[in-house]
1. Which values, in whole Å and largest first, are the semi-axes of the equivalent ellipsoid of the stretch A:35-106 obtained as the square root of 5 times each eigenvalue of the Cα gyration tensor?
2. Give the span of the stretch B:51-165's Cα atoms along each principal axis, as three whole-Å numbers ordered largest to smallest.
3. Per 5 Å bin, what percent of the C-alpha pairs of the stretch A:635-727 does each bin hold, from zero upward?
4. Shielding of B:109-120 by partners, i.e. mean partner chain Cβ atoms within 10 Å per residue?
5. Looking at the stretch A:93-293, what % of the alpha carbon pairs are farther apart than 31 Å?
6. When you look at the Cβ of every residue in B:80-91, what mean number of other chain Cβ atoms sits within 10 Å?
7. Out of the DSSP beta bridges found with both residues in the stretch B:97-250, what percent are antiparallel (nearest 5)?
8. Largest first, please: the extent of the C-alpha atoms of the stretch A:213-313 along each principal axis, to the nearest Å.
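Nothing in this text is a laboratory measurement; each read-out follows from the coordinates by a stated rule. Because the structure is predicted, anything quoted here is derived from the model rather than measured. Don't worry about glycine lacking a Cβ; one is built from the backbone with ideal geometry, like all the others, and counts go over all protein chains shown.
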Amino acid sequence: MDELFGLSMNVIAAVSVGLTLAIFAILAFFAFRNPVMFKQGLRNIPRRKTQTALIVFGLMLATVIMTAAFSTGDTVASTATADIYDLLGEVDEIIQWDAQDNPAPEDQRIIPQSELDALRAKFAGDKDIQAFLGLSFERLPVINERTSLNEADATIAAFDPAEVGVFANGISTTGDGFNLTGNGILVNKDLAEALDVQIGDTLQLIFEGKPADVVVTGIASLSPLTGAFDIGTLAKPGGAVNIDFFRQVTGREDAVDVILVSNTGDTKSGLGRTGDVEVKIKPELRDTPYELVTLKDDSITFAKLISSFFTTFFVVFGLFGIAAGVLLIFLIFIMLAAERKPEMGMARAVGARRRHLVESFLAEGMGYDLGSALVGLVAGMGVTVAMIAIVNNAGESGLGLNLRVTFTLRGLIVSFCLGVIATFLIITVASVRASRLNITSAIRDLPETKPLNPEQGTWFGYLRGLLNVMAAFGFFIGFLVLGARVSPVFSILALVSLVGPFLYVLRGTNFYLPKDERLQGGHIPFWPFFTVIGIPFYLLAVLLVRLTRDRRPSSVPLLVMAAGVIIPFVGIPLAALQDRERPIAWSAGMGAFGAIIGVLFIDWGLDTDTAFFFSAGVSLVILWAGTILRHFRIAERASMTGVSLLLLAYWYSPSSWWEPFTGKLEGNFEMFFLSGITMVAAGTFIITYNLDLLIPVVAAFGSRLGRLVPAVKTAAAYPLTARVRTGLTIAMIGLIMFGLITFSTINQNFTRLFLGDDAKGGWDIQVFTNVNNPVDDLPAALKAAGADTSPIAVAAEGYWTGFGELEFRNPGYDAAKDQPTDEYRPYPVFGADETWLRDNTFGMKFRAAGYATDADVWAALASGQKFALVDAGVTAGSQDFGTGDLLNLDKELSDGFEPFTITARNPATGEETVLTVIGQADDSAAVFFTGIIVSLPTLKTVYPEAATQAWYVRLNGGDSREYAKTIESTLFQASAESFDKLLDDQRSASAGFLLLFQGFMGLGLVVGIAALGVISFRAVVERRQQIGMLRAIGFQRSMVALSFLFESGLVAMSGILMGLLMGVSFSWVLWTSGDLDAAAGTTPFTVPWMQLAVICGIALVSSLLMTYLPARAASRIAVAEALRYE
Amino acid sequence: MSTSNGASGDDIVIEARSVVKTYASGTVQVHALRGIDLAVRRGEMVAVMGPSGCGKTTLLNALSGLDDFDSGRVTIAGTDISKMPDDRKTDFRAREMGFIFQTYNLLPVLTAAENVELPLIVSGVRPKEARVRALEALATVGLRDRANQRPNQLSGGQRQRVTVARALVNRPSIIWADEPTGALDSATAKEIMDLIVQLNEQEHQTTILVTHDPKVAARCHRTIHMADGLIEREDSQAKMQAAVATGGAS
């Protein structure tokens, strides 16, 4: 895997290692400057072993998720790459007929031997090219006479054994190997397995109905030389024969189908010469109808793309867990700060500065951080192994690769470093927060009284808050935006610009004081300022260059530049000069800054039609309303509840409501994360700001529980007094549950939509025949061969054209460029006979005007006119996943749409045919009938060369799996599959992937559960005396334990119920509004209650199990000791 | 039956025989109680005084069943609690005893009324009835109008009144008070003691009170002086009052 989010992995690795080293350097500096505070921090780690274990367990999750995501990507990349090297061996490029620019019938797309000879002569002794080999092939049925087994579709390659040379390198063979003479055949291992072949067996190759006997002289590994070309399919049966014998059987002339090219060097090193070889060979082919395909290079690039996609997918899905992890780290440090408060107060009283407390906390935090990053790395490797096992078990319907777990040093280093960096940043923020304490309250362990901010509620205070935030985070945001709009380099600079927040760590010291006063607290490092001052100038220079080079308004985010460059720069002196003790209205400043960013995001989203930025912008602006109301002290509960409800209202509104104002906005699965995090935040605000209204309801319910009443009463009371803890925990659990519930519900609905029995279209068995041996009448052929045909109710015939056989265009329009074009796009076509068109049970998603019923559309198609039916792939959808507008039609269909035309071109002849689209088939039809559906006569007119014949059989009941086997064993040229089996395979693969992603996202639950554990352990310590009192007045041990369990259960249930409620309702909105898929809007929504109950049950039970230990510890507290405890 | 303290056997509600308690503090063994013999009559109000670390609170904890002891016997209202399992001891406490602590030990998350009704609910009283009785108890201590306020909304004296109400709400036969006025100013301390004495006279509960303050001790029927884990001597109320008056109490 070389790229992630468009950034080179090498760059990511270099930056993350650099930042990690910088972090260690900072820590070493702190340790050197003030070893006592540093040691104090470190020595806290072993004080409470269980708590430490729990903290490490909770903190490791970000590393686990990243390790698993990167390692899965690396595994896919390395397996696919290794498979490509194994399969292609010494074959680096191929030369073949260029059908795109030189339409010609299939049997004429050949390369004469003379062309091969000319290339050999031209490049003899070339330093980059070591060999050429001419290869011919045919797809034929093969029968093993000894075992009576047959393979309907084997690729038989043919070449001159004398010319194999280096191409044999890396191909393992038994028997006579490539010494092919007469009718000897070297079968590949897949064909050998399919036919149970032994050396010496006689096989029958059937060409156009005529058998030809061959004798197996050896068995070889998979290679283009033994008929295996496709990278993506698992089974590649084939074999190799002598070219003379091949020509004898097929009647082919003195020519080949492709020329294999091998670059100088072995299977891997030769790839490096591809560019040079391309430069040399392409000019030679310029005036010929042939083209050079860089097969190995293209395949490797594709493999890397797939692996990058996998990593991105897992990282995005893992974001829920990472976000929950961030909250947990913050929560843990709030807890630790509470625990250490008296010590910190004492330290401050005897002269320690805030900086010292921050350093001490950082030392402790980094101890946990390092431990958790290491443990996380190992755990992440374990998770990878488990995930790969699940992917591999998904079988043939999965990736088509047998993945072998691979860990790369780079991937592991990046995971480790990113884990360390993320945790460090959060710990820094939490440490600064913890260090701001009132010394007297801290020593006496009294609740922190918030000093009244005289600027609260004033516009001056508001502006000051904003400017300080700008100074702290302006560079970061500015660089991020620049990174996205100008160059990714700025995204990396964004990390560097985190010196902004670091400034505020320094601000907590006394750097702005005169030097003589400053010496009391130690020397202040000045170097960060030079960096900060340098960055805006650098940025300005880049900006000027950009502006003068490109003046298009859409590419000049001027406001962003201003926000990123000028304001932070103005803010620095402000930050440095203002009174250190004067409180800053941070939240108001953050809110206002967020609103500026929000407006920019909205503009950006509208400019680029991106839903992510638009929705993020709207959410930020709404949140800003909350912070401004809060700053001006306007009924906090009402304003925050109102703002949260507004946020929820926005996210619940279908995109169609906004489209009149915003136009169509595109969004992918990153919207899933954004919606989750925003909605859960809103839900959490509503719950925490209204806990005092909600809890009495729970307590009232609890008052019916007899002896348990006291436990319920006390349990319900505590969450109310610690809103931050309660809110953070509810948010963590809610976030993960929302992700899991939404993913599972949407998945269930899509599975039902695509993998229901509707996908069969009323057919039970599909039978593909060998291209060289079609069957005129399937039932008759079966009967003639002695099979019982009474189970067959209906048999219909059709022909398929594969991708690349037929091309289409929307006359005169290119949606991407919004201008006329002649570009053709390949798309598969299914030509169905009248029986199929009449007897299939597929419905229409949309019918064109003039067709009252689905039957009318089918009847029109069957009439033989040049009508066509399109599938969901050719209308607008998510282009990034190849699921929409594949023909560049720029069409959005709805019922009663105006029939429109598309032009089909036959690449064999260049002939064009105009087809009229009169309907779009149901999504379920796209599972087995992906493509444009026309009548068989129409297909034969448009593309007479269509050769892939398929039969569709409906049975009079009975077992379709058994009858498919009967068909296969009766007709040598038939590959028959039961639709039931195909659907079952796909369902089980889908279930496997569902489990994989549920498991992966479920990792985040560990965070929520760990949070409950941390809170409970802390609560036992904090409430020791209260527990003693409860026991004194008559609480039994069990009641104390129950009270703890109820309390955790209440918090966990709040998060679970919020996630459940929001997940299900949000899925319902997405589904019924048609935002996910137009068909979804017309298909009933279902909720997988059973599955959701299991997920919720696991979450609740795990939460309670985690609280069991602290609950038990609480119940065992010695009463007298606890009462004495302070 | 007569005891070393001269109490009549029929009236004895708390009886301790040779109670020994030793615990470890780091590597040092602390002999907190070295064989205490004590008898307290029903309705009697007894103060326990002594220097810090003499074992006053340990004695109170051992007698009330809050803490175990190493040897000896403690009988409360004729029931030997020495070998009683924890569950039964807890029930027994809930039924028979009320506690007042120096640091109030109120649950900060509950209102005054909820704190007071908690012992009733633990004892199985129906919530509605518990609330009525809690409000009555709060009225007794003069805090009926503060029933819905949380501890942090009350003054120190008010909090201790809530604690007193909580101790009395179950109508226990014994009240244990550990430094009930220790955290209060003298005026408030006097108010609280007035309340405890008044309630003792009205309800006739036995009250054991640990204190450092001779003025508080002088309000009790008798005072036990402890030193090094042993009862050093006993003073009558008259003697204590005289000592306080002359400023010679210790």
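1. Values for the stretch A:35-106, descending: 59, 13, 12 Å.
2. That works out to 47, 38, 23 Å along the principal axes.
3. 2, 12, 15, 16, 14, 12, 10, 8, 5, 3, 2, 1, 0
4. Averaged over the peptide's residues, the number is 4.
5. 19 percent
6. Per residue, the average neighbour count from other chains is 2.
7. 40 percent
8. Answer, in whole Å and largest first: 51, 37, 25 Å.
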